[in-house]
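Student: First, the structure itself, so that you have it in front of you.
Bear in mind that the values in this text are calculations on the coordinates, not laboratory data. Because the structure is predicted, anything quoted here is derived from the model rather than measured. Please note: Cβ atoms are built from the backbone with ideal geometry, for glycine as well, and neighbour counts cover all protein chains shown.
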Amino acid sequence: MADRFDESFAEAEQLFTDKHYMEALRYYRKAAYGGHAPSQCRMGEIYYRGLGVKTHPIEAINWLKQSSESGYDQATYLLAHLYEHCFGWDAYGGQAFQLYAKAAERGHPAACAALGLCYRAGLGTDQNLELAAKWFLKAAELGDPDGQFRLACCYRDGIILESDPEKAFSWFRSSAEQGHVDAMACLGTCYDLGSGTGRDLSEAELWFAKAGDAGNADALACLAHLIEGREPELAVEKYRKAAEAGSALAQYGLGHCYRFGKGVEVSPEKAIKWLKNAAYNGVKDAMM
């Protein structure tokens, strides 16, 4: 019985959590060869993501298929994810879609969100916005942070679903509180604009800072804009970091600071440089 491997799997999971991947791999391998589906899934994940080993998509597929065929939904989801990201939609789009659908129908939260994206963009299937919204909602209700973020965007934009700023705010917050970086940035915008909630600049700064620290350059630019009046030097520092990371908003803000001497000495040359970058990246005001 595969159950005899549960204890060693638990030990391996602790090693995996502690990022001792090679040591964990020894435990997983023994159980995987014994038919333990969760261990087979972890073996596939380790080879897919290159955790402590070189990435090996073929080896990953081998283990994920075995686990998926045993009915382990996480393996089905990861196999679809691998087909999508390693081989692309042109080559394996149909298979990725079918696997996402299989896992989603069985209630796998992340697969529900991924299936919603397939329907929204027509990837591996015909575009169907109603089904996209259905699966985003299911993913969100199951607690998937990306599903919550996608559903919030639907309510914010009013494209797939009727515009509802309050619902958008609520789902952005649920997603952000689970660490979804883009949701953090959008939640900051909700507080900044008072969209779906009362305007609260302290909360806006908090969430922009969290998103910025997690690598969202536009959120860092928004934070810089909020503090520019009271802490211009710090704002310039944040604008610069975000601008160098490619944020057009930050490039515009930094150019503006150099143009008018906010937190930095006036420099027409640097102002022109950053404003040109911003204009090239789509900021219309930078062209004036």
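Student: At 222 nm, what helix-only mean residue ellipticity would the chain give, in deg cm²/dmol to the nearest 500, using -39500 (n - 2.57) for each DSSP H run of four or more? Don't skip to the answer; put the middle values down first.
Tutor: On the way: 16 runs with 205 residues, N = 288.
Theoretical 222 nm ellipticity from helices: -22500 deg cm²/dmol.
Student: Hey, another quick one. Around Ala183, with a cut-off of 15 angstrom between Cβ atoms, what is the net charge of the other residues, counting Lys and Arg +1 and Asp and Glu -1? Mind dumping the intermediate values first?
Tutor: On the way: positive: Arg150, Arg156, Lys167, Arg173, Lys210; negative: Asp144, Asp146, Asp157, Glu177, Asp182, Asp192, Glu203, Asp213, Asp218.
So the surrounding residues net to -4.
Student: May I pose another question? Which whole-Hz couplings ³J(HN,Hα) result when phi for each residue of region 38-48 is put into the Karplus expression 6.51 cos²θ - 1.76 cosθ + 1.60, θ = phi - 60°, listed in order with x for Gly and Pro?
Tutor: Karplus-based 3J(HN,Hα) across region 38-48 equals x, 5, 4, 5, 5, 4, x, 5, 4, 6, 5 Hz.
Student: Using the Karplus curve 6.51 cos²θ - 1.76 cosθ + 1.60 with θ = phi - 60°, what ³J(HN,Hα) values do you get for each residue of region 56-70, in whole Hz, with x for Gly and Pro?
Tutor: Values per residue, Gly and Pro as x: 8, x, 5, 5, 4, 4, 4, 6, 5, 4, 4, 5, 4, 5, 8 Hz.
Student: Select from region 184-272 those GluC sites (Glu not before Pro) which occupy a DSSP coil region and have at most 16 other Cβ atoms within 10 Å, ordered by residue number.
Tutor: Values: sites: Glu203, Glu205, Glu228, Glu233, Glu237, Glu244, Glu265, Glu269; in loops: Glu228, Glu265.
Those that pass, being in a loop and sparsely packed, are Glu265.
Student: Please report the relative contact order for region 182-245, taking Cα pairs under 8 Å with a sequence separation of at least 6, and give it as a percent rounded to a whole number.
Tutor: Relative contact order, region 182-245: 25 percent.
Student: Quote the charge dipole size of region 215-288 about the Cα centre in Debye, to the nearest 20; the model charges only the Cβ of Lys and Arg (+1) and of Asp and Glu (-1). Could the numbers behind the result be given before it?
Tutor: Values: 10 positive and 9 negative charges, 33 e Å.
Using Cβ point charges on Lys, Arg, Asp and Glu, region 215-288 gives about 160 debye.
Student: Let me check against my output: what whole-number percent is the relative contact order of the chain, with C-alpha pairs under 8 Å and at least 6 apart?
Tutor: Values: 514 pairs, mean separation 18.6, N = 288.
Contact order relative to length: 6 percent.
Student: Sequence gap at least 6, Cα distance under 8 Å: using those rules, report the relative contact order of region 132-288 to the nearest whole percent. Display every interim value, and only then the final one.
Tutor: On the way: 285 pairs, mean separation 18.1, N = 157.
Relative contact order, region 132-288: 12 percent.
Student: Give me the mean projected area, in nm² to one decimal, of the convex hull enclosing the Cα positions of region 86-168.
Tutor: Averaging across all directions leaves 5.1 nm² for the Cα convex hull.
Student: I need the trypsin sites (Lys or Arg not before Pro) found in region 179-243, filtered to DSSP loop residues with at most 13 other beta carbons within 10 Å of theirs.
Tutor: Details: sites: Arg199, Lys210, Arg230, Lys238, Arg240, Lys241; in loops: Arg199, Arg230.
Filter output for region 179-243: Arg199, Arg230.
Student: Which one, Ala279, Ala139, Ala224, is farthest towards the positive end of the dipole of the chain when Lys and Arg carry +1 and Asp and Glu -1 on their Cβ?
Tutor: Ala279
Student: Taking springs between alpha-carbon atoms closer than 10 angstrom, which of Val181, Val266, Val236 fluctuates most in the Gaussian network model of the chain?
Tutor: Residue with maximal mean-square fluctuation among Val181, Val266, Val236: Val266.
Student: Can you grab the distance from the C-alpha centre of region 96-140 to the C-alpha centre of region 163-208, Å, no decimals?
Tutor: 25
Student: Can you run the Rg to Rh ratio on region 215-288? Use alpha carbon positions and the Kirkwood inverse-distance Rh. Write down the numbers at each step before the final one.
Tutor: Working: Rg = 10.7 Å, Rh = 11.5 Å.
Dividing the radius of gyration by the Kirkwood radius yields 0.93.
Student: Let me ask something else about it. If you take all C-alpha pairs in the chain, what percent of them are over 37 Å apart?
Tutor: Details: 12557 of 41328 pairs.
Across the chain, Cα pairs with separations above 37 Å total 30 percent.
Student: May I ask you to sort Thr76, Thr17 by Cβ crowding, counting other Cβ atoms within 10 Å and putting the fewest first? Walk me through the numbers on the way to the answer.
Tutor: Numbers: Thr76 26, Thr17 9.
Ranked by crowding around the Cβ, least crowded first: Thr17, Thr76.
Student: Something else now. For region 134-149, take each phi angle, set θ = phi - 60°, evaluate the Karplus expression 6.51 cos²θ - 1.76 cosθ + 1.60, and give the result in whole Hz per residue in order, putting x for glycine and proline.
Tutor: 4, 6, 4, 5, 5, 4, 4, 5, 7, x, 6, x, 6, x, 5, 5
Student: Which residue, Leu64, Ile160, Tyr258, has the largest displacement toward the positive end of the dipole of the chain when charges sit on each Cβ (Lys, Arg +1; Asp, Glu -1)?
Tutor: Tyr258
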